[in-house]
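Inspection log for the structure reproduced underneath, given as structure tokens.
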Amino acid sequence: MISSVISLCLLSFFFIGLVHAWPNIPFLHTVVQIHNAITNSDLAVHCYAPYYDLGPQDLPPGTQYEFQFKPSFFFNTKFNCSFGWTNITQSNDMDVSRTFDIYAQSRDFFRCPDLCTWWITIDGPCRGVGSFNCVPFPWQ
């Protein structure tokens, strides 16, 4: 009985230490890169988490914006972004606004643990090496 209590206490101290050490482990951070792959329009980007607002950014075509953070030990980190651009057609210009969870830890932690690169297209965000030959995620 005493050995069970001691084991439980040691396990608890280990878990508490791990929870407190998690944010300070240097290799456990993630970078999110957002590329404007819309060729004829600037891209307005505004990303935020429940308690952290990254502020608005303006990306000319072909440019990128990036931010980094440390994912939560509890697997609940999420950054949502709103995107806006002007869709230029031959008949008229139309402002477009879309949103997307650019980082959802439950979806992205194992797919892009260090670097999540997104190419923002009119059809939706594409994750990967380039905007060519990628299947866009659906807008929200």
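Out of the range 99-140, which residues are over 10 Å from Ala37 (Cβ atoms) and hydroxyl-bearing (Ser, Thr, Tyr)? Thr99, Tyr103, Ser106, Thr117 - these are the residues of the range 99-140 that are over 10 Å from Ala37 (Cβ atoms) and hydroxyl-bearing (Ser, Thr, Tyr).
Can you go through Phe67, Phe83, Phe79 and tell me which one is in contact with a Lys or Arg (Cβ under 8 Å, 6 or more places away or on another chain) and at pLDDT 95 or above? Don't jump to the end; show me each part of the working.
On the way: Phe67 fails: in contact with a Lys or Arg (Cβ under 8 Å, 6 or more places away or on another chain); Phe79 fails: in contact with a Lys or Arg (Cβ under 8 Å, 6 or more places away or on another chain).
On inspection, the qualifying residue turns out to be Phe83.
Only one entry in Asp101, Asp95 is closer than 18 Å to His46 by Cβ and free of Cβ contacts under 8 Å to residues at least 12 places away in the same chain, namely Asp95. Applying the criterion of at least 3 residues that are over 18 Å from the mean Cα position of the chain (by Cα) to the strands (runs of 3 or more DSSP E) found wholly in the range 39-140 leaves 78-88, 93-104.
Of the conditions (1) touching a Ser or Thr at 6+ places or on another chain (Cβ under 9 Å); (2) of a type in the set (A, V, I, L, M); (3) buried (at least 16 other Cβ atoms within 10 Å of the Cβ), Ile102 clears all except one; give me its number. Going through the list (1) touching a Ser or Thr at 6+ places or on another chain (Cβ under 9 Å); (2) of a type in the set (A, V, I, L, M); (3) buried (at least 16 other Cβ atoms within 10 Å of the Cβ), Ile102 breaks only (1).
Checking the structure you have, find out if any residue of the range 35-46 is surrounded by 13 or more Cβ atoms within 10 Å (Cβ to Cβ), among the β-branched types (Val, Ile, Thr) and within 18 Å of Leu115 (Cα to Cα). Give the steps one after another, and end with the answer.
So the first thing to find is which residues in the range 35-46 are surrounded by 13 or more Cβ atoms within 10 Å (Cβ to Cβ), and the list is 35-38, 41-46.
Narrowing further to those that are among the β-branched types (Val, Ile, Thr): 38, 45.
This time we only want the ones that are within 18 Å of Leu115 (Cα to Cα), so: none.
Scanning the range 35-46 turns up no residue that is surrounded by 13 or more Cβ atoms within 10 Å (Cβ to Cβ), among the β-branched types (Val, Ile, Thr) and within 18 Å of Leu115 (Cα to Cα).
One line per residue, one yes/no per condition, for (1) at pLDDT 90 or above; (2) under 13 Å from Trp85 (Cβ atoms):
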residue: Phe14; (1), (2): no, no
residue: Leu43; (1), (2): yes, yes
residue: Cys47; (1), (2): yes, no
residue: Tyr52; (1), (2): yes, no
residue: Pro60; (1), (2): yes, yes
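Among the conditions (1) at pLDDT 95 or above; (2) at positive phi, Phe100 misses just one, which is (2).
The values are calculated or read from the model by the stated rules, or taken from the named source; none is laboratory data. Keep in mind that what you see is a predicted model, and the values were worked out from it rather than measured. Virtual Cβ from ideal backbone geometry, glycine too; neighbours counted across all protein chains shown.
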